[in-house]
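The block underneath contains the structure these notes are about, expressed in structure tokens.
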Amino acid sequence: MCGEPKEEFLKMLNYTAPLMPKDKPRYLMGVGTPDYLIEAAIAGIDMCDCVLPTRIARNGTAMTWNGKVVVRNAFYEKDWGPLDKECDCYTCKNYSRAYIRHLVKTNEILGVRLLSIHNLRFLTKLMERVRIEIENDNLLNFKNKFYRKYGYINE
């Protein structure tokens with residue numbers, strides 16, 4: 001989550017983005033949640049950066065195509081599946097949720113590194129998908145489907 005409520009973020013984003021030069025890269029600092037990144041792309045922002053993917057990794061959290069996974073939770077103690085079945089990152093190809101949980105719980109730095117690798121790959125893939133959806137003039141439809149799947153919209 002960013003520093004302000006989403007409604008305020010959107011209000012400021014939608015006010016300032018049109019004021020930015022269209023012939024230069026438009027940069028938004030401190031935005032790293034999937035929903036804020038999608039909203040930034042819709043508003044015409046070209047680049048964002050944020051410490052969020054690595055910060056939440058340090059707390060044992062992974063971003064997945066089905067929402068956040070907090071591997072510190074006991075629920076994952078015997079979960080031998082990957083962090084995200086839809087992910088092609090090194091972490092998901094080689095390590096289970098249970099093993100990463102063990103690493104995080106025992107303060108092994110490898111756990112944080114594996115989660116960071118995954119989170120950064122997840123956001124890279126998300127933005128690659130956003131680019132494709134923009135090219136196909138389908139970004140708003142993708143946003144709605146993603147929000148439902150990720151858990152931003154409860155039906």
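The values are calculated or read from the model by the stated rules, or taken from the named source; none is laboratory data. Bear in mind that the values here come from a model prediction, so they are computed numbers and not experimental data. In this analysis, Cβ positions are derived from the backbone assuming ideal geometry, glycine residues included, and neighbour counts consider all displayed protein chains. Quick note on the areas: whole protein, heavy atoms, side chains included, nothing else; ligands and nucleic acids left out. Shrake-Rupley method; radii C 1.70, N 1.55, O 1.52, S 1.80 Å.
Output yes when any residue across the range 131-150 is within 29 Å of Asp79 (Cα to Cα) and outside any helix (DSSP H, G or I), and no when none is.
Within the range 131-150 (the criterion being within 29 Å of Asp79 (Cα to Cα) and outside any helix (DSSP H, G or I)), the answer is no, since none of the residues qualifies.
Could you check the range 12-36 and list, in sequence order, the residues that are touching a strand residue (DSSP E or B) at 6+ places or on another chain (Cβ under 6 Å) and open to solvent by less than 80 Å² (accessible area, probe 1.4 Å)?
Leu28, Val31
Does any residue in the range 83-99 that is open to solvent by 50 Å² or more (accessible area, probe 1.4 Å) come within less than 7 Å, Cβ to Cβ, of a residue that is outside any helix (DSSP H, G or I) six or more places away or on a different chain, and which pairs are these?
Cβ pairs passing all conditions: Glu86/Trp65.
Among the residues of the range 80-102, write down those that are of a type in the set (A, V, I, L, M), out of contact with any Leu (no Cβ under 7 Å at 6 or more places or on another chain) and in a helix (DSSP H, G or I).
Scanning the range 80-102 gives a single hit, Ala98.
The rows are residues; the columns are (1) open to solvent by less than 90 Å² (accessible area, probe 1.4 Å); (2) touching a residue at least 12 places away in the same chain (Cβ under 8 Å); (3) within 12 Å of the chain's Cα centre (by Cα); (4) under 14 Å from Asp88 (Cα atoms).
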{"position": "His118", "(1), (2), (3), (4)": "yes, yes, yes, yes"}
{"position": "Ile132", "(1), (2), (3), (4)": "yes, no, no, no"}
{"position": "Glu135", "(1), (2), (3), (4)": "no, no, no, no"}
{"position": "Phe142", "(1), (2), (3), (4)": "yes, yes, no, no"}
{"position": "Phe146", "(1), (2), (3), (4)": "yes, yes, yes, no"}
{"position": "Lys149", "(1), (2), (3), (4)": "no, yes, no, no"}
{"position": "Ile153", "(1), (2), (3), (4)": "yes, no, no, no"}
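Inspect all residues belonging to the range 106-118 and state whether any of them is more than 27 Å from Leu10 (Cβ to Cβ), touching a His at 6+ places or on another chain (Cβ under 9 Å) and either at pLDDT 95 or above or in a loop (DSSP other than H, G, I, E, B) (or both).
There is at least one residue in the range 106-118 that is more than 27 Å from Leu10 (Cβ to Cβ), touching a His at 6+ places or on another chain (Cβ under 9 Å) and either at pLDDT 95 or above or in a loop (DSSP other than H, G, I, E, B) (or both).
Only residues that are part of a helix (DSSP H, G or I) and more than 30 Å from Leu103 (Cα to Cα): list them for the range 37-65, please.
Ile38, Glu39, Ala40, Ala41, Ile42
Return the total of residues in the range 10-36 being part of a helix (DSSP H, G or I) and closer than 30 Å to Arg72 by Cα.
Of the residues in that region, 3 qualify.
Looking at the range 65-76, is at least one residue charged (D, E, K, R) and open to solvent by less than 40 Å² (accessible area, probe 1.4 Å)?
The first filter runs over the range 65-76 and keeps only residues charged (D, E, K, R), leaving 68, 72.
Now restrict to residues that are open to solvent by less than 40 Å² (accessible area, probe 1.4 Å): none.
There is no residue in the range 65-76 that is charged (D, E, K, R) and open to solvent by less than 40 Å² (accessible area, probe 1.4 Å).
Which one of these does Thr124 not meet: (1) over 30 Å from Ile42 (Cβ atoms); (2) within 12 Å of the chain's Cα centre (by Cα)?
It fails just one condition, (1).
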